[in-house]
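Below is one structure, written out as structure tokens; the observations come after it.
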Amino acid sequence: MDPLLEQFLQEARENLAFIDQHIEEIGSDDPELLHSVFRAAHTLKGGSGIVGFEAVKEITHHAEDLLDMLRAGKIPFAPSMTEVLYDAFDEVVNLVEAAEECGDIVASDEQTVQKIV
């Protein structure tokens, strides 16, 4: 496995674990928590771009946009957003696991990505 991809996958796991632990709380009155989840998604997006993992980059880009709009107060939080974010990051987990199994970047199912987007 490419060492850069291996490092990305390890860091992706850490960021995904953090997001998973805190995603339920993004609608709370804790702006720092929302900022932290946003930063984890931003890091995930950036790393995926560096290694050329376009499917992860595309999904996290849209999730990051949603988190950024919440963070900036451009849109109010709605409980349905939590489910949308879970769907997005669950697909990223699936892609990361598939890459770990085969040792290389994997393509995503375009219909699944478009549904999330």
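Every number in this text was worked out from the coordinates using simple rules, so none of it is lab data. Note that this is a predicted model, so its numbers are computed, not measured. Backbone-built Cβ (ideal geometry, glycine too); neighbour counts: all protein chains shown.
Determine, at each q value in 0.23 (inverse angstroms), the log₁₀ of I(q)/I(0) that the Debye formula gives when each Cα of the range 34-116 is one equal point scatterer. For the requested q values the scattering log ratios are -1.11.
Taking label positions 7 Å along the Cα-Cβ direction at both His22 and Ile50, the computed distance is 2.0 nm, reported to one decimal. Report summary: the helix-based calculation at 222 nm, which adds -39500 (n - 2.57) for every DSSP H run with n ≥ 4 and divides by the residues of the chain, gives -25500 deg cm²/dmol.
Length gained on full extension, Asp104 to Glu11: 31.9 nm, using 0.36 nm per residue less the C-alpha separation.
Under the criterion of Cα pairs below 8 Å and six or more residues apart, the relative contact order for the chain equals 32 percent. Between helix 31-51 and the chain, what is the angle of the helix's C-alpha long axis to the longest principal axis, kept within 0 to 90° and rounded to the nearest 10? Result, in degrees: 20.
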